[in-house]
1. Are any residues in the range 333-355 assigned to a loop (DSSP other than H, G, I, E, B) and loosely packed, with under 13 Cβ neighbours inside 10 Å, and if so, which ones?
2. How many residues are more than 15 Å from residue 6 (Cα to Cα) and either part of a loop (DSSP other than H, G, I, E, B) or of a type in the set (Asp, Glu) (or both) if we restrict to the range 30-58?
3. Test residue 437 against the criterion of being part of a loop (DSSP other than H, G, I, E, B), farther than 30 Å from residue 338 by Cα and at pLDDT below 80, and give yes or no.
4. Can you tell me which residue within the range 121-163, out of those that are polar (S, T, N, Q), closer than 25 Å to residue 213 by Cβ and assigned to a helix (DSSP H, G or I), is nearest to the chain's Cα centre (by Cα)?
5. Here's a check for you: in the range 368-393, which residue that is part of a loop (DSSP other than H, G, I, E, B), surrounded by 18 or more Cβ atoms within 10 Å (Cβ to Cβ) and touching a helix residue (DSSP H, G or I) at 6+ places or on another chain (Cβ under 9 Å) is modelled with the lowest pLDDT?
6. Out of the range 45-57, which residues are in contact (Cβ under 8 Å) with a residue 60 or more places away in the chain and surrounded by fewer than 20 Cβ atoms within 10 Å (Cβ to Cβ)?
7. What residue, among those in the range 226-241 that are hydrophobic (A, V, I, L, M, F, W, C) and buried (at least 22 other Cβ atoms within 10 Å of the Cβ), is nearest to residue 108 (Cα to Cα)?
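The values are calculated or read from the model by the stated rules, or taken from the named source; none is laboratory data. These numbers come from a predicted model, not from an experiment. All Cβ positions, glycine included, derive from the backbone under ideal geometry; neighbour counts span all protein chains shown.
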Amino acid sequence: MNLRKPVAINKVEKPVIIFKNESELKEFPSIQTASKWLKEYSGYKYIPYKQVENGIFFGENWSYNGDTYVFTTDENVRLAKLEELGIETENKNKPKVEFTGFWTFFCNPKKWAIDDFLASNKVEDTFSITSWQKDWFKEGQLGIIRVGHDYRNKEQLNDQPKLKRGIYAVVEVTGQPIYSSERDEHYYEESDQETYRVPVKYIRNLLNTPVLLDDLNLEEHEYDNYLVEGFQASSMPLNPQTLLKISKLVDKPEATAIYPYKVGGEYSRKDVYKLLKVPESKQGGIWNTGYTTYSNDIYIFATINSAGTTGHDYDNKFIGDNLQWFSKNNHSLNTPSIQAMLNPKGNIFIFTREDSSNPYFVYQGNGRVKEYEDTRPVKIIWEFNDPNEEYSNKTTEEVDNPEKYTEGATKQVSVNVYERNPVARRKCIEHYGCSCVVCNFNFEKTYGDLGKDFIHVHHLKELHTIGEEYEVDPITDLRPVCPNCHAMLHKRKPAYSIEELKGFLIIK
């Protein structure tokens, strides 16, 4: 529906027309007069200045008391404001803002006492977002809380110092946006205004060690205009490189780095380009050869358990938690790119796929060299134990003191090698789910998000039947079991069968 727009008489005026449930109510010469009138008309407790402003510039509707209000202004006024804020436009109707999967949440301490909230050590809350971005928010995304100028009065400060402009928290989105008026007790004003909000978890509390904007020196590829200059909205997409920079600046003993990739997540090379803001002129080429370096970080894209795009089958595969990987045929231990892996200046982000025709890779983690062989191609065993990353399907206690078995020429293998293989584990869990096949225990149902996707897997095949070239079948050979049942299965050698252990449960 096309709504009438007012015409500004000069460059100073910002005229407003208010619509209620798609019917025009009245035209006003300014945002201030429109919002004051709307307060009296609607019976709202406060002057809805922000609602009117966000409506005319960003197309946000305001719902109150069962009615929906829409606001329009002169199109030239709207475009001038967007240009002033540094927002490009694709067309005259919608701002052109690039989605990144990371967020800056803007906090006005005069409205919300974020210092009191952070001092309470609460870790879960909701945060208001810009409504036209609501479809962009997904569980697992990371964001930062940016605090602007602190204009609180003496009474509001309550003998506390004013906050300096900066970043005071790192958060993780834990669910989809909700339309709600619920807010915590740290807001200075009560309000029943319904807005879109996302549930977040505070994974870094920087109240005592904020990253101050005045001290933040960003290189060109790390710069984020909305973060540095501020923005009159609740949320805006954040440059992933800015987040990496901020992570490195957080100087706390218990601090952890924050990476733009989630272990187990799927990413194409184009996704990585977008996250890193790789210039188009530097995309492709060496990125498609298997490994490259960008901003001191190494990126490895490996095909495992099958031949790569060139037809070479390098026997890349997981052995337990570790990845066996081979370099290009013409590279030796002295090749600079291999030396950079042995003595890294930054991170080594490793992605794998099983089908060379699939553009999407699974991110396995920030790897480090565990073993290597001076051969052509170079053979490297990668391990993944970065404390900054969460390996949801990785366990360390699957079998205590695992014994190794040898049968003739069969190489020594541990039962853990097959039970820990992340690729096989993932396929097993995708097929059978995360409930224990013995006792039906489910960690997520008991522990909530903490237990999501957590389960052990048990290898059914007797080890004396496993040869050196054995390839685990995750559907036939593996089953999801809880740690207790897993330990009981291995209480006997050879291990009890699933049905035998179920029998003990029935007897009990």
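1. Answer for the range 333-355, where residues must be assigned to a loop (DSSP other than H, G, I, E, B) and loosely packed, with under 13 Cβ neighbours inside 10 Å: 334, 343, 345, 355.
2. Within the range 30-58, the first condition is being more than 15 Å from residue 6 (Cα to Cα), and the residues that meet it are 32, 35-51, 54, 58.
Within this subset, residues satisfying the condition of being either part of a loop (DSSP other than H, G, I, E, B) or of a type in the set (Asp, Glu) (or both) are 40, 43-48.
Counting residues in the range 30-58 that are more than 15 Å from residue 6 (Cα to Cα) and either part of a loop (DSSP other than H, G, I, E, B) or of a type in the set (Asp, Glu) (or both) gives 7.
3. Working: part of a loop (DSSP other than H, G, I, E, B): yes; farther than 30 Å from residue 338 by Cα: yes; at pLDDT below 80: no.
No.
4. If we take residues in the range 121-163 being polar (S, T, N, Q), closer than 25 Å to residue 213 by Cβ and assigned to a helix (DSSP H, G or I), then 133 is nearest to the chain's Cα centre (by Cα).
5. 393
6. The answer is 45, 46.
7. Quick first cut of the range 226-241, residues hydrophobic (A, V, I, L, M, F, W, C) only: 227-228, 231, 233, 236, 238.
If we keep only those that are buried (at least 22 other Cβ atoms within 10 Å of the Cβ) as well, we get 227, 233, 236, 238.
Working: 227: 14, 233: 10, 236: 15, 238: 18 Å.
Going through the qualifying residues, I end up with 233.
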